[in-house]
Structures are given as C-alpha cells and as structure tokens.
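Colleague: My structure is below; once you've seen it, I'll send some questions.
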Number of protein chains: 2
Amino acid sequence: MPKRVDHEERRTEIAEALVRVAGRRGLHAVGMRDVAAEAGVSLRLVQYYFQTKEKLLLYGLQHLAAGFGERVAARVRSAGENPGPRAMIEAMLLASLPTDEESRTFHLVYTSYAVLAVTDDALAAQPFMKNPEAAEDAVTALLQQAHEADLTRPGIDSRVEAISLLAMSAGLGTSILVGQRSPESAAAVLNHHLDRIFQDGGRDD
Amino acid sequence: MPKRVDHEERRTEIAEALVRVAGRRGLHAVGMRDVAAEAGVSLRLVQYYFQTKEKLLLYGLQHLAAGFGERVAARVRSAGENPGPRAMIEAMLLASLPTDEESRTFHLVYTSYAVLAVTDDALAAQPFMKNPEAAEDAVTALLQQAHEADLTRPGIDSRVEAISLLAMSAGLGTSILVGQRSPESAAAVLNHHLDRIFQDGGRDD
DNA sequence: ACGTTGATGATACGGCTGTACCATGACGGT
DNA sequence: ACCGTCATGGTACAGCCGTATCATCAACGT
C-alpha cells in the first residue's frame, strides 16, 4: 500500500481547512471543492475521508467545539496557579469573546452552526448545546463556592447569575462579531458585572 | 395596461413570503422558486419586482427590521398609559425574546442575516446594526431618567446597564431559539436583573 | 381605434454542487 | 514475486439555482 496514512490526523487537517474557509467566506458558502483546495488535497480525498458533506460538517463542528474547549481551558490555566473563583470565571468569559482572529472565526462559524441547527435535524441532534450547559454548571459551581467563602455580595443566586453572565457574554460576543462593539468595552462591561457580584476584588489568594 | 398593480404592496407580500420560508427551512435554503411558490406567484414575478436575489434579500431584511420595530412599539404601548421606566424597559426586552412563533421566526431570520453580514459586504453595508444602537440609546435614556427620579439603586451606570441588559436579552433569545432555555426562565432572569437595578418595584405611577 | 407600455407566463441556459464511477500507483503479507 | 488492498487522481452525471429571453394579454392615452 502507499504510506499508510493516519486517518484521524488527515480528517483533522481537512476539518481545519473547512473551518478556515468557513470563517473567511461564511459557512453557507463552503463547498467540498473549496475545502479540498484549502486543505491542498483533491476533491476525491475529501470524499474519501468523509463520505458525504453532512458528515464533513458534523465532524467540523465537533472539531470546532473541541478546539474551543481547549482554548478556554488553556486560558483558565494561565490565570494562575490557584486562582480565585472570580479570576476563573473572568478567564472563562473573556476567553469566549471574539478578540483575536482565531476566536472570531470560532464565533462566526459556531453561530452559523447554531443557526443551521434550528432548521436542520441532523445538526439539532448533535450535542453541541451540551457545551453551554456544562459551562453553566461550571460557573454556577464557582459562584456557589465563592458564596460559601463569603466572597460575594449578599443576595446572590448562583444559578441565575451564572445564566446571566453567560448570556451576556454570548450577546456581547455577537456584538463584537458584527462590529457593534469593541472587545475592550465588552470586557469592561463583563468586569463591571463581576464587580457587582463579588466583594472588593473577589480575590482570596 | 392590466390592472395597474401597487408595486410596494406586491413587494411586501413577496418579502413576507421570503421571511416565512426562511423561518421554516432556514435563510440559507431559500431560493427564488421557493419564495415564488410561497407567495403564490410565478418565478418570473419575483424577478419582475426584485430584479436580483440580492435585492430581494436586502428588502426582506428591511421589512423584517421594520416589522420588529412595530412589534416592540406595540408591546410598549400596551404596557399602559404612562408606564414607569422599568415597565417600559421590561416591555422592550421581553418583546425581543422569541416567545411565540412569529418572534421565533424573526429571531432566526434576523440572526441568519447578521451571520451573513459578517462575510457579505452588501449586507454589512446595510444599516441593520443601527437598530441595536438606537435600542441602546433608548434604554440608557430610560435608565438615566429613572436614576434622576431616584428609582434606581445607588451605583448604577446607565449606559453600562443598558448594554448589559440588551446583551443579556440577545443571548437569552438565542438560548431560547436553540431550545436551551424556556421563554419563562429567560423572562425570570431578566426580571431578576431589573430588580437589582431598580428600587422596590421601580413603579412611579 | 390602435399602438404603446405595464404585467405576467413559460422556458431555456450556463454554472455550480454533491456524489458516483473508473483508473492506477504504492506498499505489505505470504 | 505477486496479489490484494489502501490511497489517490481524474472525471462524468444529474440536479438545482439565479438569470435571461421570448412571448402574450390587457388596458390606457391620444
């Protein structure tokens, strides 16, 4: 046989090509030929590793979500050795804002998928709304933990605040994406709200 | 000539057909033939009143935005004769949540347009990000007005709160759209945050 | 009365898209 | 050494989409 290729790696390369071209020209406009050209392979190859366009799109979504998860995790790690709950939440929320080109692409393509999922059953069945749910639980737990350590102002409902923060973050992200707001001002708004949830700076280390 | 038809009315009918089919099958999937069939006219007619698909899409967007504006205005009016700032803001925010089928369609199609606008120059040039800006100014003014009447809690920055509320509202709307959250819980979250901004109920009448 | 013009219909065309089919090197096992 | 199989290329096909063309009917101005 020829150089027995690592299928998973090849699929990843193609999926990344898909995301790149989708970020540049919009998800609705990507064809298999575009993906092939972007990945530097022939159309036949894309067909070979993904039999159908639908499977390619599904895999692209999974890859996108996984990459985003890693991004956020890395950002949280770089927030320090033992960060307080506030620093952790702040890192999570800021990591999901479309600041640099990579996260801009992520936001755009991910939103495109979300919009598609409303009218496409195959995408709707995909568990890519599991991610937000996990995020909500994580933020809720962090807020609860802060609450028990007396780091929050009184009268704070952890779950409601978590939902609000994530919804705000998503809404601000979209605003940045369409050019209505700058990343800096969005970050400032988020920080302002964190200030209203946490006592002083919310730092315990 | 034949029954000298009212062009603007005809264009409106066709645009509404466009929005309906876009709400059902997704904006990316609508073709001129679908619009024609939905409107009950021939393909040629759609071409006649809008020369090109791009013009049809642009007009559809304007129509959508105008309809949404009317919806919100009606909701605010029905909030009472002389509602307080809080009731007004509440009406505005709740009106933009996708509760019934009509507002669901609006949200979906409008978001589709927003996503398209990121990669399509013709749509990006369209002033449909003017609407959110106006909403931000309106809410800011209402909050300021409430602040001057001592209806708000201390330490409230009108503009920041307006931005937050609108971003939250948008984010919650998307959550509802993709089935992550119920309209009721979203409304509850919004109300919770209004409670944190306004003293007691914020009613001055 | 009639020609001009607005409104509508039917249909054809070129391009693009996803998919399928056929071909052909390149290696590994035996 | 050879055969099967993995990997890859090239290309054809059917369908759809936006647009353009040709044709027709109906009414208004003069």
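The values are calculated or read from the model by the stated rules, or taken from the named source; none is laboratory data. These figures come from a predicted structure and were not determined experimentally. A quick note on method: Cβ atoms are made from the backbone with ideal geometry, for glycine too, and the neighbour counts reach across all protein chains shown.
Colleague: Just need a number here: residues in segment B:129-150 that are outside any helix (DSSP H, G or I) and either at the interface with chain A (Cβ under 9 Å from one of its Cβ atoms) or at positive phi (or both).
Modeller: 2
Colleague: Say whether the condition of being under 30 Å from A:Leu151 (Cβ atoms) and small (Gly, Ala, Ser) is met by at least one residue in segment A:1-18.
Modeller: Within segment A:1-18, none of the residues are under 30 Å from A:Leu151 (Cβ atoms) and small (Gly, Ala, Ser).
Colleague: Determine which single condition B:Ala167 fails, assuming it passes every other condition in (1) farther than 19 Å from A:Ala186 by Cα; (2) under 15 Å from the mean Cα position of the chain (by Cα).
Modeller: If we test B:Ala167 against (1) farther than 19 Å from A:Ala186 by Cα; (2) under 15 Å from the mean Cα position of the chain (by Cα), just (1) comes out false.
Colleague: For residues that are away from every other protein chain (no Cβ under 14 Å) and among the β-branched types (Val, Ile, Thr), tally how many sit in segment A:1-46.
Modeller: Here the count works out to 6.
Colleague: Right, something else. Could you say which residue among B:Arg104, B:Arg86, B:Arg159 is assigned to a helix (DSSP H, G or I) and either closer than 28 Å to A:Glu184 by Cβ or among the acidic types (Asp, Glu) (or both)?
Modeller: B:Arg159
Colleague: I'd like to verify a number: residues in segment A:171-184 that are without any contact (Cβ under 8 Å) to a residue 24 or more places away in the chain, at the interface with another protein chain (Cβ under 8 Å from one of its Cβ atoms) and of a type in the set (S, T, N, Q), how many?
Modeller: 2
Colleague: Tell me which of these B:Glu81 doesn't satisfy, since it passes every other one: (1) closer than 30 Å to B:Leu190 by Cα; (2) part of a helix (DSSP H, G or I).
Modeller: (2)
Colleague: Test of understanding: among A:Val109, A:Val72, A:Val118, which residue is among the aliphatic types (A, V, I, L, M), away from DNA strand C (no atom under 16 Å from the Cβ) and touching a residue at least 24 places away in the same chain (Cβ under 8 Å)?
Modeller: A:Val72
Colleague: From the list A:Arg44, A:Arg4, A:Arg33, which one is under 20 Å from B:Ala29 (Cα atoms) and near DNA strand C (Cβ under 7 Å from one of its atoms)?
Modeller: Only one candidate qualifies: A:Arg33.
Colleague: Tell me which residues, restricted to segment B:7-30, are away from DNA strand C (no atom under 11 Å from the Cβ) and either in contact with a Phe, Trp or Tyr (Cβ under 6 Å, 6 or more places away or on another chain) or aromatic (Phe, Trp, Tyr) (or both).
Modeller: Within segment B:7-30, just B:Ala15 meets the criteria.
Colleague: If you don't mind, another one. Against the definition (within 16 Å of DNA strand C (Cβ to nearest atom), surrounded by fewer than 20 Cβ atoms within 10 Å (Cβ to Cβ), acidic (Asp, Glu) and within 23 Å of the chain's Cα centre (by Cα)), how does B:Glu102 come out, yes or no?
Modeller: Answer is no for this residue.
Colleague: Being within 25 Å of A:Gly60 (Cβ to Cβ), within 11 Å of another protein chain (Cβ to nearest Cβ) and modelled with pLDDT of 95 or more, is that true of even one residue in segment A:151-169?
Modeller: yes
Colleague: Still on this model: Looking at (1) modelled with pLDDT under 95; (2) within 27 Å of A:Asp121 (Cα to Cα); (3) among the hydrophobic types (A, V, I, L, M, F, W, C), can you tell me which one A:Leu56 breaks?
Modeller: Answer for A:Leu56: the failing condition is (1).
Colleague: Check segment B:31-53 and report whether any residue there is within 21 Å of the chain's Cα centre (by Cα) and of a type outside the set (Phe, Trp, Tyr).
Modeller: no
Colleague: Going residue by residue through segment A:78-96, is there one that turns out to be within 16 Å of DNA strand C (Cβ to nearest atom), within 14 Å of chain B (Cβ to nearest Cβ) and at pLDDT 95 or above?
Modeller: No; the residues of segment A:78-96 include none that is within 16 Å of DNA strand C (Cβ to nearest atom), within 14 Å of chain B (Cβ to nearest Cβ) and at pLDDT 95 or above.
Colleague: Which of the following residues is over 30 Å from A:Leu194 (Cα atoms), within 11 Å of DNA strand D (Cβ to nearest atom) and aliphatic (A, V, I, L, M): A:Val41, A:Val30, A:Val19, A:Val35?
Modeller: A:Val41
Colleague: Can you tell me which residue is nearest to B:Leu116 (Cα to Cα) among those in segment B:39-92 that are touching a helix residue (DSSP H, G or I) at 6+ places or on another chain (Cβ under 6 Å) and among the aromatic types (Phe, Trp, Tyr)?
Modeller: Taking the candidates together, the pick is B:Tyr59.
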